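Visitor: Pasting in a structure now, in structure tokens, and then I'll have a few things to ask.
The values are calculated or read from the model by the stated rules, or taken from the named source; none is laboratory data. Owing to the predicted nature of the structure, the values given are computational and were not obtained by experimental measurement. Neighbour counts are summed over all protein chains in view; Cβ atoms, including those assigned to glycine, are modelled from backbone coordinates with ideal geometry. Heavy atoms of the whole protein, side chains included, go into the accessibility calculation; ligands, DNA and RNA do not. Shrake-Rupley method; radii C 1.70, N 1.55, O 1.52, S 1.80 Å.
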Amino acid sequence: MSNYIERFTAGERVLHWIVTASFFTLLLSGLGLFSRLFNGYFTLFGGGGNAIMVHKIAGIVFFFSSLYMFLKHRRDVSTFDEDDRRWIEQRGGYLSREEAHFNIGKYNPGQKLFAIFIAAATLILGVTGLFIWAPTLFPRWIVQLSLMIHGLMFVGTVMFVVVHVYLATIGNPGTIEAMLYGDVRSMWAKRHHPKWYKEASGENP
Amino acid sequence: MTNHWIDLKNSDVILIMGANPAENHPVSFRWIMKAKDAGAKLICVDPRFTRSASKADVYAPLRSGTDIAFLGGMISYILQNNLYFEEYVRNYTNASYLVNPGFKMPGDLNGLFSGYDPKKRSYDPKAWSFQKNADESVKKDPTLQDPNCVFQLLKRHYSRYTPDMVSRITGTPKEKLLEVYKLYASTGKPDKAGTSMYAMGWTQHTVGTQNIRTMTIIQLLLGNIGIAGGGVNALRGESNVQGSTDHGLLFHILPGYLPVPSADLKDLAAYNEKYTPKSKDPQSANWWQNRPKYITSYLKAIYGAKATKENDFGYAWLPKLDPGMNGSWLMIFDNMIKGKFNGFFAWGQNPACSGTNSTKVRNALAKLDWMVTVNLFDNETASFWKGPGMEPAQVKTEVFLLPAAASFEKEGSISNSGRWAQWRTAAVKPLGQSKADAEIIHELYQKLKALYVKEGGALPEQLTNLTWNYGFKRADGTIRAIDTHLVAKEINGSFLEDVEDKPKLKPGEKPPPTPPPWAPRKLLGKKGELAAGFAQLQADGTTSCGNWIYCQSYNEKGNMMARRVKKDPTGLGLFPEWSWAWPVNRRIIYNRASCDPNGKPYNMKKAVVYWNPNAVLPDGKLGAWVGDVPDGPWPPMANEKEGKKPFIMRADGLAAIFGAGMKDGPFPEHYEPMESPLAKNPMSGQMSNPAAKNFSGTGIKEDAFAANDGKFPLVATTYRVTEHWQTGVMTRNTPWLLELQPRLFVELSPELAKEKSIKNGDMVEVSSARGKVDAVAMVTRRMQPFKIGDKVVHQIGLPYCFGWSTPGVGDAANLLTPTAGDANTMIPETKAFMAAIQRKG
Amino acid sequence: MADAIKAENRKGFLVDTSRCIGCRSCQVACKQWNKMAADKTVEQGSYENPRDLTPALYNRIRFLEVGEEPGGVNWLFLNERCMHCGEAGCMKVCPSPGALYRTKEGVVAYNKEKCISCKYCVSACPFNVPRYDSDDKVSKCHLCLDRLSGGMPPACAKACPTGTLKFGKRSDLIADAQATGKQLYGVNDLGGLGVVYALEGPPERYGLPATPHIPLSIFLWKDVIKPLGILGFWGSIGAMLLHYVTIGPKKIDEAPEKEERHE
Ligand code: HEM
Ligand code: SF4
Ligand code: SF4
Ligand code: SF4
């Protein structure tokens, strides 16, 4: 038994970081547009006009990379089993200091839902973004609705990402390694994704 | 205008007919709206529901060319219902005159008046003469009861114009007719004013002059002339067309409405004899009795010292017309196409687009050896030789285009419709090589004069003797630049010698004894002084005046036209110190008729003038008019010794309900336009105006007509739109305006569109017997079919502001219009003709 | 009122449609004063041209043919322009401070230099007014600020021959119009429009919204989602921190001992 087990290929990792980078670019360039309170963020890009330019480019990158990432993981994130149900019932054990153990596959239901949410949000943000990009080409009500939905999805996505980042870093020590080096410690895998560990290593944890 | 623009605000009822001021005189609506604010009602009568109609309280549609029927019905309504202003009619018009008992009217003669000669297509006005007393004065019946008096004849003539008959001709629903009649006739009360605003919608017909006469009769019956908020108001179509007419634009008048002499008037005496009306009536001012003073002063103005008593003040040098010759627009191009001209100046005009039957005009231009066009821009006329249907190689005409300065680039006066001459300074310098018209004329004059001096020719004095004191003269007598102020001063006139103020003698009065030579002389004016008014002008060559009606406009007190004082003492908007109005700054002409024969205003609240019997004059006499400048200082007509009748420009001092001076009948009668949709005039057996010149059958192929012809079943009219001016030469070259109205369109009703399977925005071809144009269909409920008898007649209309020289806007609507002219003025009949419409493609 | 305009300073228009003759002096005067190029137009069977406001057309006349009694017709003319709303949708959404701003006269003015071309104002305007020029910068009626500062009336009002476009102190214009019994539009809507109309008939007859308001979705976006969203950002971060210090992370080193518990 090796101490480490591969979780993501290099390609998957690069893709993830492209998504991440474009997301944060979107976030930073979008903040100034979201509210005049965040006007200062425009200076990061040398003014609002540039920020919009950056936002549009990052948006395109994010849209395609994020959807591509979802397509790559879609098998792993779109099915839920009995163990997942249990996980959900107990909120993955995150709400108590008590140790909780679930027989989870490659992803836990929280991760799956996050992935699905991000995919859906990407689609919605992308489409509404397009309407906002060229408001004069579309009926006014569509653009108006788009502005609202884009803002709504923006807020939602950011909140989810905050949670995601927390859980992927300090919330679950060791997780970040999956995205940094591709390998996770076996102990981590057994602890968080026993079912996957069994499949991936052929070992019974 | 008898009145002026601001005066519209004093009206109680405003009738817009034959005009579309909201679109073509938008500023007038400032005053119309003021009138409406004060409770006035606005009536609009037009074949189309126009922007003017949108503001009207009552809108009535009528078929183009049926205005006399419409208004004749109103005359009948007023008379039948006793709504006329009896005192005014009796005192101030010729209603009481007795016409000779042999006089017959269209009701008796199947559409003709007595005295018609079908071979000459003209009337002998002797058949319309008045009955005379032994002393040559006209017989009258002040009770207006005599069956031969004008009033009774009027009543009889228009009794034929019943609402049913009128509605059958005009297509106006009967209720609408009566609504208009009732509303407008309400101004027959002494304290009510009705005004009429008209323009080319009335004039451009074969019965154009009579259209206006009909309204004049209405205005006289209702006592609406001479009063604030009244009048018959011609809305001039160009900012300075009033000025150009005043200054002799037309072929038959010299400046100040002095007739152009004809060759049979051999000397000044013969001219004066013919054109100076006489009156033995002591109550008639008969102002034109002063004609000799004006023509002499005019001759002195243009020929200066060369004009002497001995040489008849140069009368011989004045250009003359052949007796009976007509040199009007239609005749110019008729003669041109017959090859009778070598050269032509198209100065500030675009006849290849503005001229009726433009194909005839364009083909006529090709018969010239040379043409000079003076304009701001290239246009359909200047480039006619490369226009549609032209073979440039075949056209021999050599064309010169002289760039002219725009009005903003030069100083001078502009006379508006209200006769106000307003002085303007140049805002900017002329662009590039363009020059003010005066400079171009000046250069031309110098060259011509030099040629005449060198080569001689027929009657060179005509030109070489002109004074031409229009600027600082160099040693060789030439002028560096034209000084407009000097031109204005010449127009105003001045004293050429000291002129003594001799008291006017009453008939039979003995002249006072000649004072001894050492006694101080009382002078009317000193040599070199500018004349203070036309009353100072002399017939003996001691004064000069370029245009007597403008005398006073630029006098010793300064340039009256440049005044800009915003004072309105009467509150009627006369603004007597704002610029200057001809004559003698009178803002409302015939204003003595606004008062009763004692000089008391009929409407105290809006008194234009009134007689103050207690005013003390400088010479100690009592009594004076207060308010606007009155039509002469004399007391009102109740004063039997010195009083005068109000219509001072007429020999008898009275307004003419019976118009014996007209060519086509003393009363207006409805005739169909030259091109009509009907087989028969519903009114009589006489189809069209019997005295109008007929151009058909003269062998000119361009002169085609299609009356009552199934191929051209639609009544058509042309007009202008706010966004473009005249043929659009200036406005088509102003992109902001082309943006608003980008190309030729034709307005038609949804009913006609359906019949012809035309949709709004479709490209259609509009054609007439003379030509065709492509236009975008504007299908609108603002156009509606007319029920004429049991026939449905459709009406269409197109603006005439487009032409091929601007790419993509379409060609001239005047390619469709006919060669037909009014019997009195020869103005072309572009407002009613027959056409067809067809969807393209 | 959103951005506190002092009523006694507020200037505005009273557009009395009953006086308008559709001459479009206003349209051309604006183009002339603002030195704007002509728009290319096509004749489509209507006097109304251009068919909409453009980046180079700040006010225009709508020609409305309305049928009245059978066979009858009327022609209405409506001057369409920026309303200089008291509560201006365009200002509400504009993310760039100073791009759209309120002057002391109550004018909704703009500074193209500061416009970042986001085009939000297009969608937020209840009257669909702002347009974008070739540089993608906002353009619309600025109420002739340059003329006002020189003591001159706006070009369009100056050119209007009939008194349809009256410019002056807003409260006076309203009081005068009310005194003559005119039916007014925009006195109180949206914090009071800077352009108040005297209409003949209901606003719908002129194609104007009966009760103009900032579009609901724009309201939700700016007045609900924005504040809640900001709360959400910090809330989620706070929640995570709280989780970290209270419940704490799931450490993996203890895992093997407790292995059986999850069987
Ligand atoms: C600093 C920021 C981020 C960090 C440190 C981070 C870290 C990670 C890690 C460690 C994983 C693997 C989880 C596992 O192995 O179970 C992961 C997965 C993923 N991340 Fe991120 N991530 C970040 C930002 C984002 C952003 C901005 C998005 C999308 C908007 C995103 C979307 C995803 C998705 C869809 C997955 C795959 C499955 C899942 O965990 O749901 N990540 N991320
Ligand atoms: S009308 Fe539109 S652009 Fe004008 S102030 Fe109101 S919201 Fe802004
Ligand atoms: S106020 Fe000035 S900018 Fe606004 S529409 Fe009028 S002229 Fe144009
Ligand atoms: S200038 Fe005045 S009257 Fe003319 S269209 Fe504009 S608002 Fe109407």
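Visitor: How high is the FRET efficiency from B:Asn81 to B:Gln145, r the C-beta distance, R0 22 Å, rounded to 0.05?
Guide: Once the sixth-power term is evaluated, E becomes 0.75.
Visitor: Assign unit charges at the C-beta atoms only (+1 for Lys and Arg, -1 for Asp and Glu), then state the dipole size of region C:2-211 relative to its Cα centre in Debye, rounded to the nearest 20.
Guide: 740 debye
Visitor: Please state the charge dipole magnitude for the protein assembly as shown, taken about the Cα centre, from unit charges on C-beta atoms (+1 on K and R, -1 on D and E), reported in debye and rounded to the nearest 20.
Guide: 1540 debye
Visitor: Follow-up. Eight or more residues apart or on different chains, and alpha-carbon atoms under 29 Å: count the Lys pairs in region A:4-201 matching that.
Guide: So the count works out to 14.
Visitor: Calculate, for chain B, the solvent-accessible area per residue in square angstrom, rolling a 1.4 angstrom probe over the heavy atoms of the protein chains.
Guide: Result: 41 Å² per residue.
Visitor: Still on this structure: Just checking the output field for A:33-42: average partner chain Cβ neighbours within 10 Å of each residue's Cβ?
Guide: 4
Visitor: Go ahead and run the numbers for FRET between A:Leu113 and C:Lys112, Cβ-Cβ distance against an R0 of 60 Å, rounding to 0.05.
Guide: Working from the Cβ atoms, E equals 0.85.
Visitor: While we're on this one: Which links in B:Lys306/B:Lys522; B:Lys831/C:Lys40; B:Lys566/C:Lys140; B:Lys429/B:Lys473; B:Lys300/B:Lys502; B:Lys360/B:Lys772 stretch past 25 Å when you go from one Cα to the other?
Guide: Exceeds cut-off: B:Lys306/B:Lys522; B:Lys831/C:Lys40; B:Lys566/C:Lys140.
Visitor: What's the FRET efficiency of A:Arg97 with A:Ile60 using the Cβ-Cβ distance as r and R₀ = 51 Å, to the nearest 0.05?
Guide: According to the calculation, E is roughly 0.70.
Visitor: On to the next question. Please compute, for peptide C:14-25, the average count of beta-carbon atoms on other protein chains lying within 10 Å of each residue's beta-carbon.
Guide: Across C:14-25, the average partner-chain Cβ count within 10 Å equals 5.
Visitor: Need the per-residue list for region B:764-813: every residue with at least 10 Å² less accessible surface in the complex of protein chains than in the chain by itself, probe 1.4 Å, sorted by number.
Guide: Buried by the other chains: B:Val776, B:Met778, B:Thr780, B:Arg781, B:Arg782, B:Gln784.
Visitor: For B:Ser262 and B:Leu431 in one chain, what is 0.36 nm times their gap in residues minus the Cα-Cα distance, to one decimal in nm?
Guide: Stretched out fully, the B:Ser262 to B:Leu431 stretch lengthens by 56.7 nm.
Visitor: Roughly how large is the C-A contact in terms of buried accessible area, totalled over both chains, probe 1.4 Å, nearest 100 Å²?
Guide: Summed over both sides, the interface buries about 4500 Å².
Visitor: Which aspartates and glutamates, on any chain, are close to B:Lys176 with Cα under 20 Å apart, when same-chain ones fewer than 8 places away are left out?
Guide: B:Asp12, B:Asp46, B:Asp57, B:Asp67, B:Asp164, B:Asp790, C:Glu68, C:Glu69
Visitor: Compute the accessible area per residue over region A:101-205, keeping the other protein chains in place, probe 1.4 Å, unit Å².
Guide: Roughly 42 Å² per residue, with all protein chains present.
Visitor: For chain A, what does -39500 (n - 2.57) per DSSP helix run (n ≥ 4), summed and divided by total residues, give at 222 nm, in deg cm²/dmol to the nearest 500?
Guide: Rounded to the nearest 500, it is -22500 deg cm²/dmol.
Visitor: Run the accessible area of the protein assembly as shown with a 1.4 Å probe and give the carbon-and-sulfur part as a rounded percent.
Guide: For the protein assembly as shown, the apolar C and S fraction of the accessible surface comes to 58 percent.
Visitor: OK, next. Can you pull the accessible area of A:Met148 for me, 1.4 Å probe, Å² to the nearest 10?
Guide: Around 30 Å² of this residue is reachable by solvent.
Visitor: How far is the Cα center of region B:120-197 from the Cα center of region B:240-310, in Å?
Guide: 32 Å
Visitor: Per 0.36 nm of contour for each residue apart, how much would the distance between B:Gln394 and B:Lys189 grow if the chain were fully extended, relative to their Cα-Cα spacing?
Guide: Net length gain for the segment: 67.3 nm.
Visitor: Show that you can apply the helix-only estimate: for chain B, add -39,500 (n - 2.57) for every DSSP H stretch of four or more residues, divide by all residues, and state [θ] at 222 nm to the nearest 500.
Guide: -6000 deg cm²/dmol
Visitor: Can you work out the PRE-style zone for C:Ala179? Point 7 Å along Cα to Cβ, and I want the residues of region C:116-160 with backbone N under 18 Å.
Guide: It comes to no residues whatsoever.
Visitor: Roughly how many Å² of B:Glu751 are accessible to a 1.4 Å probe, to the nearest 10?
Guide: For B:Glu751, solvent-accessible area is about 90 Å².
Visitor: How shielded is A:86-98 by partner chains, expressed as the average number of their Cβ atoms within 10 Å of its Cβ atoms?
Guide: 1
Visitor: Reachable aspartates and glutamates from C:Lys112, Cα under 16 Å, same-chain residues fewer than 8 places away excluded?
Guide: In chain and number order, the partners are C:Asp133, C:Asp135, C:Asp136, C:Asp146.
Visitor: Calculate the length of the line joining the C-alpha centroid of region A:113-137 to that of region C:120-188, in whole Å.
Guide: Taking the Cα centre of each part, region A:113-137 and region C:120-188 sit 37 Å apart.
Visitor: I'd like the interface area for chains B and C: accessible area of each alone minus the complex, both sides summed, 1.4 Å probe, protein heavy atoms only. What is it in Å² to the nearest 100?
Guide: 3000 Å²
Visitor: State, as an integer percentage, the relative contact order of chain B based on alpha-carbon contacts under 8 Å between residues 6 or more apart.
Guide: 17 percent.
Visitor: Further, regarding this structure: Of A:Ser186, C:Asn74, A:Phe42, which is farthest towards the positive pole of the protein assembly as shown's charge dipole, taken about the Cα centre with +1 and -1 on the beta-carbons of Lys, Arg and Asp, Glu respectively?
Guide: Checked the options; the winner is C:Asn74.
Visitor: How many nm separate the modelled label positions at A:Trp17 and B:Lys309, each set 7 Å beyond the Cα in the direction of the Cβ?
Guide: The two pseudo-label positions are separated by 11.9 nm.
Visitor: Could you work out how much longer the chain between B:Lys787 and B:Arg121 gets when fully extended? Use 0.36 nm per residue separation minus the Cα distance between them, nm to one decimal.
Guide: In short, 236.6 nm is gained.
Visitor: Moving to a separate point now. Can you compute the helix-only [θ] at 222 nm over chain C? Use -39500 (n - 2.57) per DSSP H run of at least 4 residues, normalise by all residues, nearest 500 deg cm²/dmol.
Guide: -6500 deg cm²/dmol
Visitor: Continuing with this model, one more query. Could you put C:Lys104, A:Lys195, C:Lys35 in order of accessible surface area, largest first, with the 1.4 Å probe and the full protein assembly present?
Guide: Sorted descending by solvent-accessible area, the residues read C:Lys35, C:Lys104, A:Lys195.
Visitor: Mind giving me the nanometre distance, one decimal, between the label points for C:Asp172 and C:Arg62, set 7 Å out from Cα along Cα→Cβ?
Guide: 3.0 nm
Visitor: Only bridges whose two residues both fall in chain B count here: according to DSSP, what percent of them are antiparallel, nearest 5?
Guide: Antiparallel bridges: around 55 percent, rounded to the nearest 5.
Visitor: Right, here's the next one. Compute the distance from the alpha-carbon center of region C:14-54 to that of region B:693-747, in whole Å.
Guide: Taking the Cα centre of each part, region C:14-54 and region B:693-747 sit 24 Å apart.
Visitor: Determine the percent antiparallel among the DSSP beta bridges restricted to the protein assembly as shown, to the nearest 5.
Guide: 60 percent
Visitor: Could you sort B:Asp790, B:Asp135, C:Asp16 by accessible area so the largest value comes first, with the probe set to 1.4 Å?
Guide: My answer, sorted largest first, is B:Asp790, B:Asp135, C:Asp16.
Visitor: Give me the percent of DSSP beta bridges within region B:7-237 that run antiparallel, rounded to the nearest 5.
Guide: Once the DSSP bridges in region B:7-237 are tallied, antiparallel ones form about 30 percent.
Visitor: Let me cross-check B:Asp322: its accessible surface, 1.4 Å probe, with only protein heavy atoms counted, in Å² to the nearest 10?
Guide: It works out to around 90 Å².
Visitor: Going by alpha carbons, how many degrees (0 to 90, nearest 10) lie between the helix axis of C:226-246 and the longest principal axis of chain C?
Guide: Relative to chain C, helix C:226-246 is tipped by roughly 10 degrees.
Visitor: Under the rule a/c < 1.5 gives rounded, and otherwise a/b versus b/c splits prolate from oblate, where does region B:563-627 land using the Cα gyration tensor?
Guide: oblate
Visitor: Run the simple label-point estimate for C:Ile247 and B:Asn100 please: 7 Å along Cα→C-beta, distance reported in nm.
Guide: 12.4 nm
Visitor: Same structure again: Please work out whether region B:15-162 counts as rounded, prolate or oblate from its C-alpha gyration tensor, where a ≥ b ≥ c are the square roots of the eigenvalues and a/c under 1.5 means rounded, while otherwise a/b larger than b/c means prolate and anything else oblate?
Guide: Cα axes put region B:15-162 in the prolate bin.
Visitor: Give me the aspartates and glutamates in straight-line cross-link reach of C:Lys250: C-alpha distance below 12 Å, same-chain residues under 8 apart excluded.
Guide: Once the sequence-local aspartates and glutamates are set aside, what remains near C:Lys250 is A:Glu98, A:Glu99.
Visitor: Something else about it: Checking buried surface per residue: for region B:20-37, which residues lose a minimum of 40 Å² accessible area in the protein assembly relative to the chain alone (1.4 Å probe)?
Guide: Buried by the other chains: B:Arg30, B:Met33.
Visitor: Then there is this: Can you flag which of B:Lys104/B:Lys139; B:Lys34/B:Lys645; B:Lys55/B:Lys756 are past 25 Å Cα-Cα?
Guide: B:Lys34/B:Lys645; B:Lys55/B:Lys756
Visitor: Additional query: Rolling a 1.4 angstrom probe over the protein heavy atoms, how many square angstrom per residue are accessible across region C:2-211?
Guide: Accessible area per residue, region C:2-211: 37 Å².
Visitor: Projecting each Cα onto the charge dipole of region B:563-627 (Lys/Arg +1, Asp/Glu -1 at the beta carbon, about the Cα centre), which of B:Trp611, B:Val565, B:Leu622 comes out farthest on the positive side?
Guide: B:Val565
Visitor: I need the shape label for chain B. Rule: rounded when a/c is under 1.5, else prolate if a/b > b/c, else oblate, with a, b, c from the alpha carbon gyration tensor.
Guide: Oblate shape, in that a/c is at least 1.5 and b/c is the bigger or equal ratio.
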